[in-house]
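A.B. asks: Below is the structure I would like to discuss, written out as structure tokens.
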């Protein structure tokens, strides 16, 4: 739960010691570790699953891995889709970390590319808006395909019995 600005310099020193600056690794590797918000979201979702389902599976002879694979994982698709969409949106639109770790212009992500349309004296707003529209298309496609899981998650969590 520590803000990113507090850990920015230690992360840079660590990644520089590993020889990772000007590579995609300092941007990709931290994405594989737990974000506190996503951990809390999934924890709250799993606490909402009735314990009786797990008990019934144990009585039927299912192992812990089988319970997770056959019961908890299918039920958690809406929550996992939410985490995946939030994470994708965050890393797609991230400007700060690529600005810190990348020096080669050919490795810049989309937000940094849009920022290069802005000069010291002049900003070409027509090109910036066209690039922003193109940058939104992958986000819209991801949300379109995950919309069914969002609706399913609302329906499941809205019914109490």
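Values in this text are rule-based calculations from the coordinates and carry no lab data. Since this is a predicted model, take the numbers as computed values, not measurements. All Cβ positions, even for glycine, are placed from backbone atoms using ideal geometry, and neighbour counts span all protein chains on display.
A.B. asks: Restricted to the stretch 101-110, and to residues that are in contact with a helix residue (DSSP H, G or I) (Cβ under 6 Å, 6 or more places away or on another chain) and part of a helix (DSSP H, G or I), which residue is farthest from residue 5 (Cα to Cα)?
C.D. replies: First pass over the stretch 101-110, keeping only residues in contact with a helix residue (DSSP H, G or I) (Cβ under 6 Å, 6 or more places away or on another chain): 101, 109-110.
Remaining after also requiring part of a helix (DSSP H, G or I): 101, 110.
Working: 101: 14, 110: 22 Å.
My answer is 110.
A.B. asks: Pick out the one residue from 91, 101 that is under 30 Å from residue 24 (Cβ atoms), under 16 Å from the mean Cα position of the chain (by Cα) and surrounded by 14 or more Cβ atoms within 10 Å (Cβ to Cβ). Break it down stepwise before answering.
C.D. replies: Working: 101 fails: under 16 Å from the mean Cα position of the chain (by Cα).
91 is the lone residue from the list that is under 30 Å from residue 24 (Cβ atoms), under 16 Å from the mean Cα position of the chain (by Cα) and surrounded by 14 or more Cβ atoms within 10 Å (Cβ to Cβ).
A.B. asks: Now for a different question. Give the residues of the stretch 1-22 that are surrounded by 12 or more Cβ atoms within 10 Å (Cβ to Cβ) and in contact (Cβ under 8 Å) with a residue 40 or more places away in the chain, sorted by residue number.
C.D. replies: Result: 8, 12, 15, 20, 21, 22.
A.B. asks: Next question. Taking helices (runs of 4 or more DSSP H) that do not extend beyond the stretch 9-63, which have at least 1 residues that are more than 22 Å from the chain's Cα centre (by Cα)? Walk me through it before giving the result.
C.D. replies: Details: elements: 25-28, 36-47, 51-59.
Output list reads 51-59.
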